[in-house]
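Worksheet: the structure to be examined is printed underneath.
The values are calculated or read from the model by the stated rules, or taken from the named source; none is laboratory data. Keep in mind that what you see is a predicted model, and the values were worked out from it rather than measured. For neighbour counting, all protein chains shown are included, and Cβ atoms are generated from backbone atoms with ideal geometry for every residue, glycine included.
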Amino acid sequence: MTVDFCGIELVHPIINGSGTFDAIAAHRAFGDDLLERFPFAAFVSKTVTLEPRQGNPPPRLWEVAGGLMNSIGLPNKGLDGYLERDLPTLAALPVPLIVNVMGFSRDEVAHLVAAFSERPEVSALELNVSCPNVETGLVMGADPDETARLVRRVRPLTGKPLIVKLTPNASDVPKVAAAAEDAGADALSLINTLRGMALDPRTGKPWLGGVTGGVSGPAVRAIALAQVHAVAQVVEVPIVGMGGVQSGRDAQDLIGAGATLVAVGTESFRDPAAGGRVALELAELLANTVV
């Protein structure tokens, strides 16, 4: 199942969704067994921002029927802390490293891209475009022009593959995807979480500390399939499909809809070895497929 993804050779098409698998914590828990049986063909880091972030106040999680809603708020050590403390550990993983970055302006994203472009440990960069641009107030990934401006701003700063992670909360996701491709994106990933809210049954007030959160898991699988299929009709670049993947069959469906790679996210919270299991199930399905 070897896959060439933007010039990066992967042993199979299953990777993790950003922020859904903490490889550093997993290594502490499982030791070198994790490195010997790493569940993903590439590792996507949680989002890195320019400055450190504490994230949203608790509570941060709410279980929904068929999934999970989170309001984590992208806590991270910031660029300097990541380079000093996280990158050396993640660089020791036995798979290529993809770093996910997000900024509150095009200049912030450019700073992050330029910094990681100089690091040989990093194989590719994923741009999280779900954040409002402080200069315009527009969510960068929800507006085709904003997305194109961002990609054009950072494209000259790196020769590494640039993956644009699209938000499903846009009025025309394929149009945003086409704009990202035209501006120089090497690949696209989708879907990110869908916006939702939970109410405390005792008070009727929002349960999550951040008021709203992102819904993920099996409940969003049909939406992911539809959006991956729609985007695949208008772009030529590879697509990383994700959203509710629990099994090899789910991964095969996303590949059938147009994805080159498939990311496992929420399922890893239930089963830390889910990525490897999904890859194995997918290999068995493909081996038994009649061409």
* Asked: Quick one: would you say GLU135 is at pLDDT 95 or above and either farther than 20 Å from PHE40 by Cβ or part of a strand (DSSP E or B) (or both)?
  -> no
* Asked: With respect to PHE38, is the statement that it is touching a helix residue (DSSP H, G or I) at 6+ places or on another chain (Cβ under 9 Å) and of a type outside the set (Gly, Ala, Ser) true?
  -> yes
* Do we have VAL234 as buried (at least 24 other Cβ atoms within 10 Å of the Cβ), in contact (Cβ under 8 Å) with a residue 12 or more places away in the chain and β-branched (Val, Ile, Thr) here? -> no
* Asked: Are any of the residues in the stretch 35-49 touching a residue at least 12 places away in the same chain (Cβ under 8 Å), among the small types (Gly, Ala, Ser) and surrounded by fewer than 19 Cβ atoms within 10 Å (Cβ to Cβ)?
  -> no
* **Qualifying positions in the stretch 254-291 - farther than 17 Å from ASN16 by Cα and within 20 Å of the chain's Cα centre (by Cα)** => GLY256, ALA257, GLY258
* With the checklist (1) touching a residue at least 40 places away in the same chain (Cβ under 8 Å); (2) under 20 Å from ALA219 (Cα atoms); (3) not β-branched (Val, Ile, Thr) in hand, flag the one item ARG270 doesn't pass. => (1)
* Asked: Can ILE72 be described as closer than 23 Å to ASP186 by Cβ, of a type outside the set (Lys, Arg) and out of contact with any helix residue (DSSP H, G or I) (no Cβ under 7 Å at 6 or more places or on another chain)?
  -> no
* Looking at (1) more than 17 Å from THR266 (Cβ to Cβ); (2) touching a residue at least 40 places away in the same chain (Cβ under 8 Å), which is the only condition LEU79 fails? -> (2)
* Within the group GLY159, GLY204, GLY196, GLY214, which residue is part of a loop (DSSP other than H, G, I, E, B), of a type in the set (Gly, Ala, Ser) and in contact (Cβ under 8 Å) with a residue 24 or more places away in the chain? -> GLY159
* Structure fact -> The residue that is surrounded by the fewest Cβ atoms within 10 Å (Cβ to Cβ), considering only those in the stretch 117-129 that are hydrophobic (A, V, I, L, M, F, W, C) and without any contact (Cβ under 8 Å) to a residue 60 or more places away in the chain, is VAL122
* To do: Look at ASP250 and say whether it is over 14 Å from the mean Cα position of the chain (by Cα), part of a helix (DSSP H, G or I), within 25 Å of GLU9 (Cβ to Cβ) and of a type outside the set (A, V, I, L, M, F, W, C).
  => yes
* Asked: Where residues in the stretch 162-190 are within 17 Å of ALA110 (Cβ to Cβ) and assigned to a helix (DSSP H, G or I), which of them is nearest to the chain's Cα centre (by Cα)?
  -> ALA180
* Condition met for ASP4 (under 18 Å from ILE163 (Cβ atoms), free of Cβ contacts under 8 Å to residues at least 12 places away in the same chain and surrounded by fewer than 23 Cβ atoms within 10 Å (Cβ to Cβ)) -> yes
